[in-house]
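Okay, so here's the structure we're looking at.
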Amino acid sequence: FFFFFEMNQIQIHITNYIDMISNVVSRSTTYPVAGFTASPDRYTYYSPAEKNIYCSYGFTYSTTGPTQAKWTRDGDSVDNDPRYEVIVPSKGAGNWEISLKIKGSAGVVTTQDGGVFVCSFVYSDSEVYQRTTDLYFYDIETLPAETKFYDAPSVTLTCVLKSNGLTASTVKWEKNGETLEEPAYTVTSKPDFLTTYLEINEVVAANEGTFTCFFDVPGTRYLKSLCTPTFAI
């Protein structure tokens, strides 16, 4: 049921590390609780650093507010999972904020640590208010690891987007920040656009440079990785 005599609200505070060059974006969104629907948001992080999610629930000073606050991942409690640390400070007057630290294993966060996270605030009469966040972790593997090539007719660079469920709609490559020009280069990709290939058709010094692969992931900006091959002619 709804509490018409008070204005309740939930706030989600996310510190979002978007890509490999550590651009930091802070987001704060307020949702009214009266008639509240937990519409999923999605956030994308580059592994492997620790991440924190903050969930804040506001209630009127005239009430005691909820009696319990908790986090779940994919429907299961995270209380006994060493990859996560739940921080539930004392309830304040009119506000209760809880946080979830995603630590991963041995301080390294991987694509296996993401999922659907739900913060819940529960009243003694079992009234529950929730906020859902779809949390994605990704890494981009660039192949080959050895980027010095000797006397080869052509060279193929590969980028593979690894995550816990991200999809890509398109991919592209650039050289030194500019669009590639055929016939010196040929770009192909797998049908799901999670693996892309750049063939350097002529191994000459003029074709050296910094090559960047870009994955166009819906709901976020391009995710990218760099590769700088050199040719020993």
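The values are calculated or read from the model by the stated rules, or taken from the named source; none is laboratory data. Only a predicted model underlies this, so the values are computations on that prediction, with no experimental measurement involved. Using ideal geometry, Cβ is built from the backbone for each residue, glycine included, and neighbour counts are taken over all protein chains shown. For accessibility, only protein heavy atoms count, side chains too; no ligands or nucleic acids. Shrake-Rupley method; radii C 1.70, N 1.55, O 1.52, S 1.80 Å.
Odds and ends about this structure:
- Accessible surface ranking that places the most exposed of 131, 73 first, with a 1.4 angstrom probe: 73, 131
- Cross-link table 103/224; 101/172; 103/148, entries beyond 27 Å C-alpha to C-alpha: 101/172; 103/148
- Once backbone amide H atoms are built at 1.01 Å from N, residue 114 has 137 as its partners under 5 Å, excluding neighbours fewer than 5 places away on the same chain.
- Measuring between their Cα centroids, the stretch 134-160 and the stretch 91-116 lie 31 Å from each other.
- Protection proxy ranking, peptides 89-102, 107-120, average beta carbon neighbours within 10 Å, highest first: 107-120, 89-102
- Qualifying GluC sites (Glu not before Pro) in the stretch 138-233, DSSP loop, other Cβ atoms within 10 Å at most 10: 146, 181
- HN-Hα J in Hz across the stretch 164-176 - Karplus 6.51, -1.76, 1.60, θ = phi - 60°, x for Gly and Pro: 9, x, 5, 10, 10, 8, 8, 9, 8, 10, 9, 10, 6
- Using the 1.4 Å probe convention, the accessible area of the stretch 79-233 works out to 49 Å² per residue with neighbouring protein chains retained.
- Amide H to amide H distances under 5 Å link residue 78 with 71, 73, where only residues 5 or more positions off or on other chains count and H is placed in the peptide plane.
- Residues whose amide H falls under 5 Å from that of residue 103, counting only those 5 or more places apart or on a different chain, are 84, 85, with hydrogens built in the peptide plane.
- For residue 170, the shell of other residues with beta-carbons less than 15 Å away shows a net charge of +1, using +1 for Lys and Arg and -1 for Asp and Glu.
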